[in-house]
1. Consider SER31 against the criteria (1) outside any loop (DSSP other than H, G, I, E, B); (2) in contact (Cβ under 8 Å) with a residue 24 or more places away in the chain; (3) within 19 Å of the chain's Cα centre (by Cα): it satisfies all of them except one. Which criterion is unmet?
2. Name the single residue, out of those in the stretch 132-164 being over 30 Å from ASP208 (Cα atoms) and buried (at least 20 other Cβ atoms within 10 Å of the Cβ), that is farthest from the chain's Cα centre (by Cα).
3. State which residue is surrounded by the fewest Cβ atoms within 10 Å (Cβ to Cβ) when the search covers only the stretch 322-349 and only residues that are among the β-branched types (Val, Ile, Thr) and outside any helix (DSSP H, G or I).
4. So how many residues does the stretch 221-234 have that are outside any helix (DSSP H, G or I) and either touching a strand residue (DSSP E or B) at 6+ places or on another chain (Cβ under 8 Å) or hydrophobic (A, V, I, L, M, F, W, C) (or both)?
5. Please verify whether the stretch 85-96 includes one or more residues that are touching a strand residue (DSSP E or B) at 6+ places or on another chain (Cβ under 9 Å), of a type in the set (Val, Ile, Thr) and closer than 25 Å to ALA275 by Cα.
6. Considering the stretch 270-288 alone, what residues qualify as being of a type outside the set (Phe, Trp, Tyr) and in contact with a helix residue (DSSP H, G or I) (Cβ under 6 Å, 6 or more places away or on another chain)?
7. When ARG304 is evaluated against the numbered criteria (1) surrounded by fewer than 13 Cβ atoms within 10 Å (Cβ to Cβ); (2) in the same structural domain as THR160 (by TED's automatic domain parsing), which criterion, by number, is the only one it fails?
8. Residue check: is ARG143 among the basic types (Lys, Arg) and closer than 16 Å to LEU249 by Cα?
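The values are calculated or read from the model by the stated rules, or taken from the named source; none is laboratory data. Note that the structure is a prediction, hence the values are computed from the model and not measured. Here the Cβ positions follow ideal geometry from the backbone for every residue, glycine too, while neighbour counts run over all protein chains shown.
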Amino acid sequence: MPFINHNDLRNFITQLMQAYGASEDEALLVSEHTVEANLVGHDSHGVIQIPTYIDRIQRGHIKPGVKIEVTNETRTTARINGNWGFGYHVSDFAMKLAIKKAREDNIAAITVVQQSHVGRVASYPLMAAKEGLIAIMTADSGRGPKMVVPFGGKERKLGTNPICIAFPSNLEGTMFIDMATSSVAAGKINLARSRNENIPQGWIIDKDGNQTNDPNDFSQGGAILPLGADQGHKGYGLSAAVETFSGILTGLGFGVSKDGIHNDGCLMIVMNVEAFRDLEVFKQEVTEFALDLSSTEPASGFERVYYPGEIEHVTKQERIKTGIFVEEATVSNINKFADDSDVKGNLDVYLQ
């Protein structure tokens with residue numbers, strides 16, 4: 001089993017991204033965000049994405065080193081144009097600006113356009129939560145390829161359209177929700193295909209509109225279902241709201257652009273808790289609330305109940321000790337790019 005120490009993996013990815021034109025800061029952010037996704041158990045947003053990013057650099061869909069522009073700015077709002085930079089770099093900049101504005105004026109809302117894949121959406125609201133602020137973020141692929149059907153349909157019309165909300169507390173692991181408004185993130189389907197695994201019923205339909213557990217059906221004309229199974233109208237409605245925030249409000253629009261460039265539109269909202277309540281009292285009450293939830297007696301078939309976000313924290317502690325599992329297909333794909341660059345060696349050196 002190919003396990004890799006998280007520090008080794010992070011250092012290697014940093015070197016590899018720099019070899020393909022990323023600045024040191026950009027490369028550090030790409031490696032930090034992707035490896036963190038692996039550490040918390042979201043492998044679909046981890047280093048499996050690195051070959052895709054390098055391919056997009058080579059095709060001109062990601063432009064390393066571009067200047068981020070801030071437009072339409074007020075004391076509490078801003079619109080950011082990433083000029084097709086790394087989504088990690090642009091959204092990190094945007095969240096830091098939102099945090100600064102919320103500290104000064106209690107609330108901030110920022111939209112982001114023209115950036116590449118932002119990865120795991122939780123990474124950015126968690127930045128605010130760690131500084132004692134509440135943060136909400138929505139994202140979609142703008143006018144990039146769609147993957148999700150409206151409830152009752154079989155034609156792709158929506159992105160997976162994730163939403164994340166994070167709260168400050170005194171917990172070791174932050175309480176937060178980070179979820180696609182579809183039944184599953186597309187990356188999890190691709191991950192299952194890479195590992196030659198079936199997927200659960202209820203995730204996707206095939207090209208004929210029938211539910212299937214074969215991940216290959218997704219790339220052969222199938223589509224992802226909205227969140228909620230037989231109550232999928234709820235996930236569908238939430239997805240449409242996220243697309244309105246992240247696609248229409250940002251100015252990206254909806255539908256699919258012919259240029260084929262991946263474009264993550266985002267809305268970030270940050271709130272200063274102290275505008276409403278004493279921060280330390282709020283943090284302690286969130287802590288007590290989370291612990292009350294996790295003390296719930298488990299139902300049959302469950303070992304325990306986790307508060308929202310706790311499973312990521314537990315997984316991270318385990319993977320820091322054991323290393324990160326990277327499937328052979330991903331190792332092979334990354335090694336191909338490493339071998340074609342001036343990076344010395346490849347991931348094989350770090351396999352445990």
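1. The one condition SER31 does not meet is (2).
2. As a first pass, look at the stretch 132-164 and keep what is over 30 Å from ASP208 (Cα atoms): 132-138, 164.
The next check asks that each one be buried (at least 20 other Cβ atoms within 10 Å of the Cβ); those that pass are 133-135, 137-138, 164.
Numbers: LEU133: 20, ILE134: 18, ALA135: 15, MET137: 10, THR138: 10, CYS164: 9 Å.
If we take residues in the stretch 132-164 being over 30 Å from ASP208 (Cα atoms) and buried (at least 20 other Cβ atoms within 10 Å of the Cβ), then LEU133 is farthest from the chain's Cα centre (by Cα).
3. First, the residues of the stretch 322-349 that are among the β-branched types (Val, Ile, Thr): 322, 324, 326, 330-331, 334, 343, 349.
From what's left, outside any helix (DSSP H, G or I): 324, 326, 343.
On the way: ILE324: 23, VAL326: 22, VAL343: 16.
Only one residue tops the list, namely VAL343.
4. To start, the set of residues in the stretch 221-234 that are outside any helix (DSSP H, G or I) comprises 221-228.
If we keep only those that are either touching a strand residue (DSSP E or B) at 6+ places or on another chain (Cβ under 8 Å) or hydrophobic (A, V, I, L, M, F, W, C) (or both) as well, we get 222-227.
Number of matching residues: 6.
5. Checking the stretch 85-96: not a single residue is touching a strand residue (DSSP E or B) at 6+ places or on another chain (Cβ under 9 Å), of a type in the set (Val, Ile, Thr) and closer than 25 Å to ALA275 by Cα.
6. Within the stretch 270-288, the first condition is being of a type outside the set (Phe, Trp, Tyr), and the residues that meet it are 270-275, 277-281, 283-288.
Answer for the stretch 270-288, where residues must be of a type outside the set (Phe, Trp, Tyr) and in contact with a helix residue (DSSP H, G or I) (Cβ under 6 Å, 6 or more places away or on another chain): VAL270, ASN272, VAL273, LEU279.
7. Failed condition: (2).
8. Here the answer is yes, as ARG143 does meet what is asked.
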